[in-house]
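Notes follow once the structure below has been shown.
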DNA sequence: TTATTATTTAAGCAATTTATTAAATATAAA
DNA sequence: TTTATATTTAATAAATTGCTTAAATAATAA
């Protein structure tokens, strides 16, 4: 495992830096998966969609569009992105599609939702 | 609080939708702050920087550039973005700037870091 | 079949992101 | 003062994001 040192300050501990590099590389899978979740949730609209699905169990695109006062295509495209990432699933009932959280993939979101609620207090 | 209903399906419970809208609006401050954190952390490079700062307590831009094998300006611009958001701080020691996490603002990240580490197992 | 409703998809576009390269600061050393 | 090192800033440019509008599906109702 190579480590190109560009910084010449004495304090730079090459062993420390190499160790950091190894750790980051070993956790590559974790970083990839977590970045996927956070980049999905790191958008105002999508975070609200995820929160709402957690709160209401399932909602159709139309409900979400009404609640967030946004257009259907805008919501639909966010839903598609979240679904492609595997964090929500849909079931059809007639013309209506119901979206819901894939619980096994979204455990970390519970911490985030709780935190959002607690941030209210300090407002 | 108005609610424009665009969906005509019978199951759509207007009270439920209005309640959702109220909840989302009441938590506006929480959503804003959480979106800020998640949009910062929802980038591969920045998530790794935050993880490294948590692991090593403080690092200079040069260390981070070496570890992640990226250019100094690229790292510097990520650091600036994280710092502008208030999640890291810096102290100067001669020519070197040391960056570290602002603990009070990054508690939620601990859950995320733990999760990254545990995702390794299932790889 | 035709019309209506729920939803998605596609095309286009403005705004944002993230890297690169080159130039500017800031501190320390010769 | 001149030079070197650590870092930031600025100017681009390519890629991505997230909306809009219009068209395409899919299921239901008339």
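Answer yes or no as to whether residue A:3 is surrounded by 14 or more Cβ atoms within 10 Å (Cβ to Cβ) and in a loop (DSSP other than H, G, I, E, B). Against the criterion (surrounded by 14 or more Cβ atoms within 10 Å (Cβ to Cβ) and in a loop (DSSP other than H, G, I, E, B)), residue A:3 qualifies.
Residues in region A:52-69 that are surrounded by 16 or more Cβ atoms within 10 Å (Cβ to Cβ) and closer than 15 Å to residue B:7 by Cα: A:59, A:60, A:61, A:62, A:63, A:64, A:65, A:66, A:67, A:68. When restricted to residues that are within 20 Å of the chain's Cα centre (by Cα) and at pLDDT below 95, region A:16-69 contains 0. Filter region A:63-73 down to the residues that are closer than 23 Å to residue A:112 by Cα and touching a residue at least 12 places away in the same chain (Cβ under 8 Å), then identify the one that is nearest to DNA strand C (Cβ to nearest atom). Ranking the candidates gives A:64 first. So residue B:30 fits all but one of (1) within 15 Å of DNA strand D (Cβ to nearest atom); (2) in contact with a helix residue (DSSP H, G or I) (Cβ under 6 Å, 6 or more places away or on another chain); what number is the exception? Every condition holds for residue B:30 apart from (1). For region B:74-116, a residue qualifies if it is within 14 Å of DNA strand C (Cβ to nearest atom) and within 12 Å of chain A (Cβ to nearest Cβ), and the qualifying residues are B:75, B:85, B:93, B:94, B:95, B:96, B:97, B:98. Taking the criterion of being under 18 Å from residue B:26 (Cα atoms) and either in a helix (DSSP H, G or I) or away from DNA strand D (no atom under 15 Å from the Cβ) (or both), the residues of region A:66-100 that qualify are A:66, A:67, A:68.
Yes/no per residue for (1) within 13 Å of DNA strand C (Cβ to nearest atom); (2) in contact (Cβ under 8 Å) with a residue 24 or more places away in the chain; (3) more than 7 Å from chain B (Cβ to nearest Cβ):
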{"residue": "A:5", "(1), (2), (3)": "no, no, no"}
{"residue": "A:14", "(1), (2), (3)": "no, no, yes"}
{"residue": "A:20", "(1), (2), (3)": "no, no, no"}
{"residue": "A:33", "(1), (2), (3)": "no, no, no"}
{"residue": "A:37", "(1), (2), (3)": "no, yes, yes"}
{"residue": "A:50", "(1), (2), (3)": "no, yes, yes"}
{"residue": "A:58", "(1), (2), (3)": "yes, yes, yes"}
{"residue": "A:61", "(1), (2), (3)": "yes, yes, yes"}
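Among the residues making up region B:89-123, those that are touching a strand residue (DSSP E or B) at 6+ places or on another chain (Cβ under 9 Å) and more than 15 Å from residue B:39 (Cβ to Cβ) are B:89, B:90, B:91, B:92, B:97, B:98, B:99, B:100, B:101, B:102.
Among the residues making up region A:39-48, those that are under 17 Å from residue B:112 (Cβ atoms), at the interface with another protein chain (Cβ under 7 Å from one of its Cβ atoms) and assigned to a helix (DSSP H, G or I) are A:39, A:41, A:47.
The values are calculated or read from the model by the stated rules, or taken from the named source; none is laboratory data. In this text the structure is predicted, and so the values were computed from the model without any measurement. As a convention, Cβ positions derive from the backbone with ideal geometry for all residues, glycine included, and neighbour counts pool all protein chains shown.
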